[in-house]
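Take a look at the structure set out below.
The values are calculated or read from the model by the stated rules, or taken from the named source; none is laboratory data. In this text, all values refer to a predicted model and were calculated from it rather than measured experimentally. The accessibility values were calculated without ligands, DNA or RNA, using every heavy atom of the protein model including side chains. Shrake-Rupley method; radii C 1.70, N 1.55, O 1.52, S 1.80 Å.
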Amino acid sequence: MSLIELIMFMVIVSVGIAGILGAINISTRNSADPMIRKQAQAIAESLLEEVELAPFTWCDPTDPNARTAINAAGCTILPAIQGGEVRPYDNVIEYNGIVVGPPIPDITGTPIPLLAGYSAAISVVPAALGSITAGSGDALRISVTVTPPSGPTLTLQGYRTRYAPNATP
């Protein structure tokens, strides 16, 4: 090998290494962004699960007719947030329009300091699902939108059907 070939080889290899190191530098600099998105997803998943696991009954569980009503007309107290009621609510419908945070609290209402920049909004609306029509009110679409401190918002959706309308906690 001649000296010129050796110098050309070193120049080509150093340019290639500089390009690879530049790509690694950009990747490292933006590595906090996926963590923010993963945290937003964890918040959305936990809130969606909380709402989906809530009862979906005809009546409010405190209604004396809650175990016998065959539709909402048989209720004396319809599901709605009662005075002094806090999360977790006793019916899926009661979560509609709820804004959580900032900061995001735990289930007891205690703010979580590391989630100070996050907030979430919950929407519960009637939905058509399979043979269930939206007008029947027997299926609900639950949307949880989480807004992180930086980056785009994240929305998760789920469905809840009225499969046990007289089950009370």
With a 1.4 Å probe and all protein chains kept in place, how much accessible area does Asp106 have, in Å² rounded to the nearest 10? 60
Where does the chain land at 222 nm, in deg cm²/dmol rounded to the nearest 500, when only DSSP H runs of n ≥ 4 count, each adding -39500 (n - 2.57), divided by all residues? -10000 deg cm²/dmol
In Hz, Karplus ³J(HN,Hα) per residue of the range 149-159 (6.51, -1.76, 1.60; θ = phi - 60°; x = Gly, Pro): x, 8, x, x, 6, 10, 10, 10, 10, x, 10
Enter the per residue convex hull volume of the chain, computed from alpha-carbon coordinates, in Å³ rounded to the nearest integer. 165
Measure nothing fancy, just the Cα-based angle from helix 32-52's long axis to the longest principal axis of the chain, in degrees from 0 to 90, nearest 10. 10
Helix 3-29: angle to the longest alpha-carbon principal axis of the chain, degrees 0 to 90, nearest 10? 20
Sort Phe9, Phe56 by heavy-atom solvent-accessible area, probe 1.4 angstrom, most to least. Phe9, Phe56
Write down the accessible area per residue of the chain in Å², having rolled a 1.4 Å probe over the full set of protein chains. 60
